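None of the figures in this text is laboratory data; all of them are computed from the coordinates on show. Because the structure is predicted, anything quoted here is derived from the model rather than measured. Note that each Cβ is placed from the backbone with ideal geometry, even for glycine, and that neighbours are counted across all protein chains shown.
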Amino acid sequence: RSTRLVRRFVLKRKTRTITIDNQQYIWWYELGAETTINLSPINDKTSIISIYFPLDTIHKHEHPIFDIYNETIIMKKDNEEYCLKIISPKMVALIISNLSFNEFTTRRHVFYNGFDLLLKWNFIISDVVTGVCW
């Protein structure tokens, strides 16, 4: 596992817009003990799905001064390897395209473990690269 130093982005709330299958969504992320991607349909911001990627116990207390977070996932599916930053538009598009639009419910906040979702979608996770923010 490798670790990369970056600026601190804990609880970043700048929203971004993405369109998947003619549906628009807003998304934002949070970094910390769990790297989290939050998704919401653009026309119903009370419906939120949060996908979190928890740190393993090995890295939780590795650096007492720095915050460590999951930055990149290296995974395989159908003999093709993917290397995606968790907070990238490509990862958001992958997640949204595998979720059903019916999973978004008005005035409901649903949480999913991102690693479990990737395994459910038949991805094999080879490695998780951590980043450090201060």
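Go through the range 15-32 and report how many residues are hydrophobic (A, V, I, L, M, F, W, C) and farther than 15 Å from ILE51 by Cα. Give the steps one after another, and end with the answer.
As a first pass, look at the range 15-32 and keep what is hydrophobic (A, V, I, L, M, F, W, C): 18, 20, 26-28, 31.
The next check asks that each one be farther than 15 Å from ILE51 by Cα; those that pass are 18, 20.
Total meeting the criteria: 2.
Does the range 22-36 hold any residues that are over 23 Å from ASP116 (Cβ atoms) and either charged (D, E, K, R) or assigned to a strand (DSSP E or B) (or both), and which are they? Even if it seems obvious, please write down each step before you answer.
Initial filter on the range 22-36 (over 23 Å from ASP116 (Cβ atoms)): 22-24, 26.
Matches in the range 22-36: GLN23, GLN24, ILE26.
Anything in the range 65-83 that is without any contact (Cβ under 8 Å) to a residue 60 or more places away in the chain, loosely packed, with under 15 Cβ neighbours inside 10 Å and not acidic (Asp, Glu)? List them, or say none. Quick ask: steps written out before the conclusion?
Pass one, the range 65-83, residues without any contact (Cβ under 8 Å) to a residue 60 or more places away in the chain: 72-83.
Applying the additional criterion that residues be loosely packed, with under 15 Cβ neighbours inside 10 Å yields 74, 76-81, 83.
Passing the criteria: ILE74, LYS76, LYS77, ASN79, CYS83.
Find all pairs meeting these conditions: Cβ atoms under 6 angstrom apart; at least six residues apart or on different chains; first residue within the range 112-130 and at positive phi; second residue outside any helix (DSSP H, G or I).
These pairs meet every condition: ASN122/LYS77.
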